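All remarks here apply to the structure that follows.
The values are calculated or read from the model by the stated rules, or taken from the named source; none is laboratory data. Computed from a predicted structure; not experimentally measured. For neighbour counting, all protein chains shown are included, and Cβ atoms are generated from backbone atoms with ideal geometry for every residue, glycine included. For accessibility, only protein heavy atoms count, side chains too; no ligands or nucleic acids. Shrake-Rupley method; radii C 1.70, N 1.55, O 1.52, S 1.80 Å.
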Amino acid sequence: MVDEALFEFLHMEIVSHVYKEQQSSKGEMDNKDRAICVSVLEGMGFRVGQGLIERLTRDSPSFKDELDIMKFICKDFWTKVFRRQVDNLRTNHQGTYVLQDNKFALLTQLSGGKQYLDQAPKYLAFSCGVVRGALSNLGMDSVVTAEVSVMPSCKFQVVIQKL
């Protein structure tokens, strides 16, 4: 329980620091500055995801296919990172997956109402990077995006890039 709180606090402080650094160098933030912040956070998450998946799959047998990898991400990987499994996994069987977490750990500290809905994307960039980094280390290039319509529920869309 304590390590969860520490991780959540560290995550909030990292997000705050990245945004403050970008704002202090320019004064007022525009959409380009926000995009830079999201990119920095996503890059940090990417590297973390790469490292975590190396440790988690060290003793695992190889995966059969793309769907097997996504099931591993939704069950084992998500449990290690966010302390619970994904609530729902959907696919169109053409490389697009939607992972739904109805009580996403990094959003539960924000208000359950709509007042912070516009702030949610900056707290999801790191997590998108974590998922993309994990998939990258498993040999799958992807684009990971997240959307929030009701706090703290979150949908991650993973689009696998075909080579």
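The table below lists the values:
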read-out	value
For the stretch 21-107: Kirkwood Rh in Å [reciprocal of mean 1/r, alpha carbons]	15.4 Å
Surface share of carbon and sulfur [accessible, 1.4 angstrom probe, percent] for the chain	51 percent
Aspartates and glutamates with Cα under 15 Å of Lys75, excluding same-chain neighbours fewer than 8 positions away	Glu66, Asp87, Asp101
Lys, Arg +1 and Asp, Glu -1 on Cβ, resulting dipole of the chain about Cα centre, debye, nearest 20	200 debye
Residue-span extension gain [Arg90 to Asp76] - 0.36 nm each, minus C-alpha spacing	3.4 nm
In the stretch 59-112, trypsin sites (Lys or Arg not before Pro) in a DSSP loop with at most 10 other beta-carbon atoms within 10 Å	Lys64
The stretch 4-160 - convex hull of the alpha-carbon atoms, volume per residue in Å³	112 Å³
Computed [θ] at 222 nm, deg cm²/dmol, the chain (DSSP H ≥ 4; -39,500 (n - 2.57); rounded to nearest 500)	-16500 deg cm²/dmol
The stretch 123-163: relative contact order as a whole-number percent, Cα under 8 Å and 6+ apart	34 percent
Principal axis box of the stretch 3-49, alpha-carbon based, largest edge first, Å	35, 19, 13
Accessible-area value, Ile14, 1.4 Å probe, nucleic acids and ligands omitted, Å²	50 Å²
The stretch 1-73 - accessible surface per residue (Å², probe 1.4 Å)	68 Å²
Reach of Lys122 by Cα under 13 Å, taken over aspartates and glutamates that are not fewer than 8 positions away in the same chain	Glu13, Asp33, Glu42, Glu147
The stretch 4-160, relative contact order in percent, only Cα pairs under 8 angstrom and at least six apart counted	28 percent
